[in-house]
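S.K.: If you scroll down you'll find the structure; I have some questions about it.
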Amino acid sequence: MTMEPYIRQHARLLEGGDAPMYQRLAGLLRQGINDHSLERDQPLPGERDLASLLSVSRVTVRRALGILVSEGLLTQRQGAGTFIASRMEQPLGHLTSFTEDMQHRKLVSGVVWLERSLQAVDGEVCSLLALDAGAKVASLYRLRTANEEPLALEHAMLPARLLPEPEKLNGSLYRYLDERDSRPVRATQRLRAVPCDEEQATLLRVATGSPVLYIERHSFLADGTPIEFTRSHYRGDSYDFVSEMAIRRTE
Ligand code: 16G
């Protein structure tokens, strides 16, 4: 549905409540976007029209929209106005965890464990994690979901000394590492599009062969110790990875 009928149907939900009006308005629009009542990629009416439709001030509308822009649910396109984001916008410069990203978007993050074990590795993974050949890593393979919708398959590998009992990990990996002063503070990330295979397609609920974003994350502690090497497959139809750039000054 488009914004105007949605607001007409739901405006009464804004009445009452202790939170300031801009937060209630942000909550109402967030709910419509997250439960798919509001069609993605549609332009929002202008600030003035929204304010008169809702009988609130333009400042209230601006503040509410600002919250949703910061959560990546709305996107502002230069000269064209504000749109409901068709996909999730993920800034590439922030070293966040999946759980934190979903909390920030007010989505419920979920996990389906596909593997949690110690594995002996050699070759590339050993050298990336600065381990001797044949050393053990904690291998964590998970399907990550948001509001029960599958978004990504992540296969993380960490030196076994950091997570000697991987089967005991239940919540956020980065929270676990944080609690042990071993949370990565720097990472390099590599992305490319690949077609997904049949198993990935079934888990991600997309068609076999459809494009997914393959991401490798290599993370480090402040002293340069490698902590994590993760291979992920993100649904290509759900994410926009966004990076900010500045001109390179040559002197
Ligand atoms: C993110 C990271 C992944 C990390 C995970 C920890 C990417 C591409 N991947 O999904 O490398 O292992 O967060 O999430 O961003 P957690 O703390 O919720 O377990």
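S.K.: With respect to the numbered conditions (1) open to solvent by 40 Å² or more (accessible area, probe 1.4 Å); (2) more than 9 Å from the ligand (Cβ to nearest atom); (3) of a type outside the set (S, T, N, Q), which one is the sole condition not fulfilled by VAL206?
M.R.: Evaluating VAL206 over (1) open to solvent by 40 Å² or more (accessible area, probe 1.4 Å); (2) more than 9 Å from the ligand (Cβ to nearest atom); (3) of a type outside the set (S, T, N, Q) leaves (1) as the failure.
S.K.: Still on this structure: Could you give me the residue pairs with C-beta distances under 6 Å whose first residue belongs to segment 132-160 and is free of Cβ contacts under 8 Å to residues at least 24 places away in the same chain and assigned by TED's automatic domain parsing to the domain that holds GLY171, whose second residue is away from the ligand (no atom under 12 Å from the Cβ) and of a type in the set (Asp, Glu) wherever it lies, and which are 6+ apart or on separate chains?
M.R.: ALA133/ASP122; GLY134/ASP122
S.K.: Sort out for me the helices (runs of 4 or more DSSP H) sitting completely within segment 1-69 that have 1 or more residues that are closer than 20 Å to SER238 by Cα.
M.R.: 21-34
S.K.: Restricting attention to segment 214-239, and to residues there that are closer than 19 Å to LEU143 by Cα and of a type in the set (D, E, K, R), which single residue is farthest from the chain's Cα centre (by Cα)?
M.R.: Top of the filtered list is GLU228.
S.K.: When you scan segment 76-165 for strands (runs of 3 or more DSSP E) that lie fully inside it, which ones turn up with 1 or more residues that are of a type in the set (Phe, Trp, Tyr) and open to solvent by less than 40 Å² (accessible area, probe 1.4 Å)? Give the derivation first.
M.R.: Numbers: elements: 81-84, 88-91, 109-120, 136-146, 149-159.
Hits in segment 76-165: 81-84.
S.K.: Moving on. Quick check, is GLU149 of a type outside the set (A, V, I, L, M) and within 30 Å of ILE33 (Cα to Cα)?
M.R.: Details: of a type outside the set (A, V, I, L, M): yes; within 30 Å of ILE33 (Cα to Cα): yes.
Against the criterion (of a type outside the set (A, V, I, L, M) and within 30 Å of ILE33 (Cα to Cα)), GLU149 qualifies.
The values are calculated or read from the model by the stated rules, or taken from the named source; none is laboratory data. Everything numeric here is computed off the predicted structure, so don't read it as measured data. Backbone-built Cβ (ideal geometry, glycine too); neighbour counts: all protein chains shown. Accessible surface areas use protein heavy atoms only, side chains included; no ligands, DNA or RNA. Shrake-Rupley method; radii C 1.70, N 1.55, O 1.52, S 1.80 Å.
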